[in-house]
Amino acid sequence: MKAVVMAGGEGTRLRPLTSNQPKPMVPIVGKPCMEHIVELLRDHGFEDVIVTVAFLPQAIRSHFGDGENLGLSVEYSVEETPLGTAGSVGLAADKLDDTFLVISGDALCDFDLGKLVEFHKERGAAVTIGLKSVENPLEFGIVVTDEDGRIERFLEKPSWGQVFSDTINTGVYVLEPEVLQHVPTDRPYDFSKELFPLLLEMGRPLYGLAMDGYWQDIGNLDQYRQANFDALDGSVKLTIPGIRLRGNIWLGEGVELDDLDKVEGPALISNYCRIARDAHVGSHSVLSSSVTLLEGARTVRSVVDASTHIGRGALVEGAIVGRSCDIRAHARLQEGVAVGDEVKIGEESVLMPGVRVYPYKEVESGAQIYESLIWESRASSRLFERDSVSGLVNVDLTPEVATRLAVAFGTALPRGARVVASREASASCRMIERSMIAGLNSTGVELADLRAMPSAVGRHLLKTHDYAAGFHVGYDTSEPDLVQIRFFEEPGIQMGTALQKEIEKHFTRGELRRSAASGVGNVDYPVRARESYAEDLLETLDQQAIRGRGYRIVVDYGYSAASLVLPLVLGPLGVEAVSAHAFAPLERDGGTASLRGLIGQTKKLVSAVGADLGVVFDRAAERLYLIDESGHEIPAEQALLLFLRLIGSDGRRGKLAFPVTVTSQVDQIVKGSGLEVIRTPASLSELTKVAAEDGVIFAGAVGGGYVFPDFLPAYDAMASLCKLLELLAPVQQPLSSLVAELPASTLVHRQLPCPWSHKGAVMRVLTERLKGRDLDLLDGIKVTDRRGWAQVLPDPDEPLVHIYAEGRDETASNELEEELRQIVEEALQDEAEISS
């Protein structure tokens, strides 16, 4: 039986280790990762191996040759152009005339391959996939099987809301040769994304077998380092070169070591290493051949490649170091540092945590390096949280970070693209916006700077003019100390995950586009943006009806720049507005009053002036909070139902979009009308994306955000207020009586702490325990029965899971919530016991 080793990976996330070698060649305990895989194949009786190569193929050919040294026969299949996983194997189809095995050369494992082959033949399968349960399934393809192992469903790289299992595709397959007939030869084609779903749809027998052994994708630097540590700990069965001493110390040939007591296991000291007197090899040190440690040098939890020199008193702690590096005396490489080949680190220099240094660079003596050298810049693992980038000004979010973020943003856009920018009034927001503009201009992107203006005006320009994207710098609604950068795309919707990931990729890898001097982008300042916004909004309104009502309202602008725009709309509508907390041009602190404080003041003001209603805007002028004529605040959930009731009574027809977590009372209110409810995943980007589709006339979520897509597919407090005035115009009842007629929701919401590593297991347990019931997997897991519905939704940004439940009464809601909470808590307890 033949085996195919896929070894075409470039390994961009492993740079600088893979800057000048292919991913399968990165060393694990002194040998290339792929060599461990080839040895695994040999130990399971495979004698003929075909290696698919693409990136730097000669590095693999020169190491493995024809395979004679490893006791098997090796052939090569070279991809001239990228063909995808299935396409690369399909290229070698003429050499595969019987059942064969496919395995990755850059994922470390010790699976019982014979067991997988035997299972495949027993089931008469066309394809059998080796499966594995992992802590974080987000980066992999999830596979669900029935009790017999037959595959029921695939999902590639899910979000937390889509995780219904922690069982993932390891990339180890047993295949019948006829399945390759479905692989096209003229374009890239993938096993898990394309071929396997096609075969599943065709009804071919696809099976999955959960494997008991070790498996670790060497996808990033942390995984690479952990794979080395796992090998030393014996978590994976492989051959470590050298003589084993004291149970967990391996010494190669010709090692010069003065005192074995200076070595703390587990550790590997490979051939011809030289460990000087008083040097210390700490636990989980992996030293490849010919590494030198001089007096007082120390390594711990680090992987050091061949022929590297570590000088007197130097400390390498939790780092990865490439081949032939020169680390001079008293230098310090801190946790998470990664250094490429042939780098010189000067005396007493310090590489701060997470820094990467690409091959052939030099760090001067005494330098303190906080940012990666040449290609990449250090960043958090998650750049976007809650559809935005936020941080404390000059702490997390510095001008340097903002500029680099903007360069990554510009790199993701076509050269010459046009972007619209806006901000809140404070000096901090102005500084961050200007840094962003400079970064975007450097990539050849043109900017329209609205300066201090509500984000809705920028979104409106994005919808009505030829702009590719936009951003707004303001304060975080929930955490007023944080400055937040929010991004938009056409036609004014929240930026989707695809473009977010593209920006994050460029930011993290540091592969950024820079324009020549002649190609630097320009900045212009649109002069009639707010007037254009106001005119277009007025055209969507029944102006005569609003004027005829003769409203008196209170508007608390919440220090937003909406006070520069809304009067241009309210004036022509004949609305008398008593205003408070308008935009302050010289404002430096972003306004000190809290949202709750502003609402409290507005309640008093409404009663004092006898207003028909009062409204409070958030700082971004996106969310709207309502006060009735008697000075009582309308809860956000009731406000959403109020909009819906007014739209339904207005006789309109069309679609309404709400997140899956919004109360089912919305369905009851529209029953029998010409309105259709569409549910979306619980994210603002998904909600606005659906709102922009044809036929959607309203969208909203609990929290004061409302969307009227006929004007703008985004949260906009100014438009929402004007639409509310239009909807209320023909109604003769006061606002308080309309609210009193609304149904009361019994929705309950609970948050449970859940470690990131346990989320996948929790969702798998829920899927198993709720199997056979009425489930909705649009976002998280939602179960419906005669009592109502309940939902578990993993938080994408925090170590939490959310539980929502809504029954016909409060008792039923609490029962549903408790039922799912118990399953979650039991799953968490089981995972905690396994981890301990």
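What accessible surface, in Å², does a 1.4 Å probe find on ASP466, ignoring ligands, DNA and RNA and rounding to the nearest 10?
110
How large is the dipole of the chain about the Cα centre if only Lys and Arg carry +1 and Asp and Glu carry -1, each at its Cβ, rounded to the nearest 20 debye?
On the way: 82 positive and 122 negative charges, 365 e Å.
In total the dipole reaches around 1760 debye.
State the antiparallel share, in %, of DSSP beta bridges confined to the chain, rounding to the nearest 5. Display every interim value, and only then the final one.
Details: 69 of 161 bridges.
Here the antiparallel bridges make up roughly 45 percent for the chain.
List the residues, sorted by chain then number, that are 5 or more residues from VAL321 or on another chain and whose placed amide H is less than 5 Å from its amide H.
It is VAL303, VAL304, ASP305, VAL339, by chain and number.
Quick check: residue separation of ARG123 and GLU253 times 0.36 nm, minus the Cα distance between them. What number comes out in nm? Provide the component values of the computation, followed by the final result.
Values: separation 130, 0.36 × 130 = 46.80 nm, distance 4.76 nm.
This chain segment gains 42.0 nm when fully extended.
Amide H neighbours of ILE50 under 5 Å, at least 5 residues apart or on other chains, H built in the peptide plane: list them.
Counting only residues 5 or more places away or on other chains, the set is ALA3, VAL4, VAL5, GLU75.
Roughly speaking, what is the stretch gain from SER737 to ASP650, that is 0.36 nm per residue apart minus the C-alpha to C-alpha distance, in nm to one decimal? Intermediate values should be presented prior to the final figure.
On the way: separation 87, 0.36 × 87 = 31.32 nm, distance 1.75 nm.
The SER737-ASP650 span can extend by a further 29.6 nm.
Quick one: Karplus J couplings for the range 43-55, per residue in order, coefficients 6.51, -1.76, 1.60, θ = phi - 60°, nearest Hz, x for Gly and Pro?
In residue order, the calculated couplings are 5, 9, x, 7, 10, 10, 10, 10, 10, 8, 10, 8, 7 Hz.
So which lysines pass the test for LYS262, namely a Cα distance under 25 Å, with those fewer than 8 places away in the same chain ruled out?
List returned: LYS31.
Name the residue from THR170, ILE37, GLY474 whose Cα lies farthest towards the positive end of the charge dipole of the chain, charges +1 on Cβ of Lys and Arg and -1 on Cβ of Asp and Glu.
GLY474
Could you rank the peptides 714-720, 576-582, 767-773 by their average count of other C-beta atoms within 10 Å per residue, with the highest value first? Intermediate values should be presented prior to the final figure.
On the way: 714-720: 28.7, 576-582: 16.4, 767-773: 13.1.
Ranking, from highest mean packing down: 714-720, 576-582, 767-773.
For the modelled label position 7 Å from the Cα of ASP774 along Cα-to-Cβ, which residues of the range 801-836 have backbone nitrogen atoms closer than 14 Å?
806-808
What Rg and what Dmax come out for the chain when only alpha-carbon atoms are used, in angstroms?
30.7, 96
If you roll a 1.4 Å probe over the heavy atoms of the protein chains, what accessible area per residue do you get for the chain, in Å²? Before the final figure, lay out each step's value.
On the way: 33300 Å² over 836 residues.
On a per-residue basis, the chain sits at 40 Å².
Is the C-alpha gyration tensor of the range 268-308 telling us rounded, prolate or oblate? Criteria: a/c under 1.5 is rounded; beyond that, a/b larger than b/c is prolate, otherwise oblate. Display every interim value, and only then the final one.
Numbers: a/c = 1.89, a/b = 1.11, b/c = 1.70.
The shape class here is oblate.
Which distance in nm do the two modelled labels at GLN822 and THR398 give, with both placed 7 Å along the Cα-to-Cβ direction?
5.3
Is the range 410-520 best put as rounded, prolate or oblate by its Cα gyration tensor, with a ≥ b ≥ c the root eigenvalues, rounded for a/c under 1.5, and otherwise prolate when a/b is larger than b/c, oblate when not? Don't skip to the end; give the middle numbers.
Working: a/c = 1.42, a/b = 1.32, b/c = 1.07.
It is rounded, given that a/c, with a ≥ b ≥ c, falls under 1.5.
Can you sort LEU684, LEU646 by solvent-accessible area, 1.4 Å probe, largest first? Don't skip to the end; give the middle numbers.
On the way: LEU684 40, LEU646 10 Å².
The residues order as LEU684, LEU646, largest area first.
So how do 54-64, 9-19 stack up, highest first, on mean other-Cβ count within 10 Å?
Ranked from most to least packed, the peptides come out as 9-19, 54-64.
Stokes-Einstein at 20 °C, 1.002 mPa s, Kirkwood radius from Cα pairs: D for the range 73-147 in µm² s⁻¹? Walk me through the intermediate numbers first.
Numbers: Rh = 15.1 Å.
Taking Rh from Cα pairs, D becomes 142 µm²/s.
In the range 218-282, which GluC sites (Glu not before Pro) are in a loop and have at most 14 other Cβ atoms within 10 Å, using DSSP for the loop call? Don't jump to the answer; show the numbers that get you there.
On the way: sites: GLU253, GLU256, GLU264; in loops: GLU253, GLU264.
Filter output for the range 218-282: GLU253.
Let a ≥ b ≥ c be the square roots of the eigenvalues of the Cα gyration tensor of the range 310-356; is it rounded (a/c under 1.5), or, if not, prolate (a/b larger than b/c) or oblate?
Numbers: a/c = 1.73, a/b = 1.10, b/c = 1.57.
It comes out oblate by the Cα gyration axes.
Once the Cα atoms of helix 399-411 and of the chain are each reduced to a long axis, what angle between those two axes, in degrees from 0 to 90 to the nearest 10, is obtained?
80
Using Cα atoms only, what is the angle between the long axis of helix 427-442 and the major principal axis of the chain, expressed in degrees (0 to 90) to the nearest 10?
Around 60 degrees separate the two axes.
Could you compute the FRET efficiency for ARG786 and HIS749, with r as their C-beta to C-beta distance and R0 at 22 Å, rounded to 0.05? Mind dumping the intermediate values first?
Details: r = 22 Å, r/R0 = 0.98.
Here the calculated transfer efficiency is 0.55.
To the nearest 500 deg cm²/dmol, what mean residue ellipticity at 222 nm is calculated for the chain from DSSP H runs of n ≥ 4 alone, each contributing -39,500 (n - 2.57), summed and divided by the residues? Walk me through the numbers before you get to the answer.
On the way: 21 runs with 229 residues, N = 836.
Helix contribution divided over all residues of the chain: -8500 deg cm²/dmol.
Would you kindly state how much longer the chain becomes between VAL520 and GLU693 on full extension, computed as 0.36 nm times their sequence separation minus their alpha carbon distance, in nm to one decimal? Walk me through the intermediate numbers first.
Working: separation 173, 0.36 × 173 = 62.28 nm, distance 3.52 nm.
The span from VAL520 to GLU693 would gain 58.8 nm if fully extended.
Once ligands and nucleic acids are excluded and a 1.4 Å probe is used, how much of TYR272 is accessible, expressed in Å² to the nearest 10?
130
Helix 595-609 versus the longest principal axis of the chain: what is the Cα-based angle in degrees, 0 to 90, to the nearest 10?
10
So how do 400-409, 780-789, 197-206 stack up, highest first, on mean other-Cβ count within 10 Å?
Numbers: 400-409: 23.1, 780-789: 18.3, 197-206: 15.0.
Packing order, densest peptide first, comes out as 400-409, 780-789, 197-206.
With every protein chain left in place and a probe of 1.4 Å, what is the accessible surface of ILE243, to the nearest 10 Å²?
110
For GLY788, what residues show an amide H to amide H distance below 5 Å, using hydrogens built from the backbone and excluding near sequence neighbours?
none
The values are calculated or read from the model by the stated rules, or taken from the named source; none is laboratory data. Fair warning: this is a prediction, and the values are worked out from it, not measured in the lab. Cβ coordinates were reconstructed from backbone atoms using ideal geometry, including for glycine residues, and neighbour counts include every protein chain displayed. Surface areas here come from the heavy atoms of the whole protein model, side chains and all, with no ligands, DNA or RNA. Shrake-Rupley method; radii C 1.70, N 1.55, O 1.52, S 1.80 Å.
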